[in-house]
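The block underneath contains the structure these notes are about, expressed in structure tokens.
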């Protein structure tokens with residue numbers, strides 16, 4: 001682990017940029033029941049049941065020494081690979 005952390009201490013070298021990449025998927029959910037309205041002394045209440053409404057994938061590329069970043073949000077993981085090829 002220490003070897004990896006040493007990479008972040010290297011000075012800026014345009015010939016060998018330090019580029020970090022991360023990806024994450026987020027599930028979209030939708031309410032399937034109408035929330036119970038708030039009443040005096042009671043907050044608005046929601047049912048724990050929900051419906052799936054798709055998934056988005058987030059890809060982030062970050063160059064920490066220059067502060068540059070690029071974020072791509074896609075509907076599928078294979079689509080992101082095809083736009084970067």
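Selection of first residues in the range 15-26 that are closer than 11 Å to residue 62 by Cβ and of second residues that are at pLDDT below 90 and exposed (fewer than 11 other Cβ atoms within 10 Å of the Cβ), restricted to Cβ pairs under 8 Å at least 6 apart or on distinct chains, gives the following pairs, ordered by first then second residue: 18/7; 18/8; 18/10.
Would you check if residue 17 is surrounded by 10 or more Cβ atoms within 10 Å (Cβ to Cβ) and either over 20 Å from the mean Cα position of the chain (by Cα) or in a strand (DSSP E or B) (or both)? I'd like the intermediate steps shown before the answer.
Working: surrounded by 10 or more Cβ atoms within 10 Å (Cβ to Cβ): yes; either over 20 Å from the mean Cα position of the chain (by Cα) or in a strand (DSSP E or B) (or both): yes.
Yes: the conditions hold for residue 17.
Here residue 45 clears all of (1) touching a strand residue (DSSP E or B) at 6+ places or on another chain (Cβ under 6 Å); (2) exposed (fewer than 11 other Cβ atoms within 10 Å of the Cβ); (3) touching a residue at least 24 places away in the same chain (Cβ under 8 Å) except the condition numbered (3).
The values are calculated or read from the model by the stated rules, or taken from the named source; none is laboratory data. What you see is a predicted model; the values in this text were computed from it and never measured. Cβ coordinates were reconstructed from backbone atoms using ideal geometry, including for glycine residues, and neighbour counts include every protein chain displayed.
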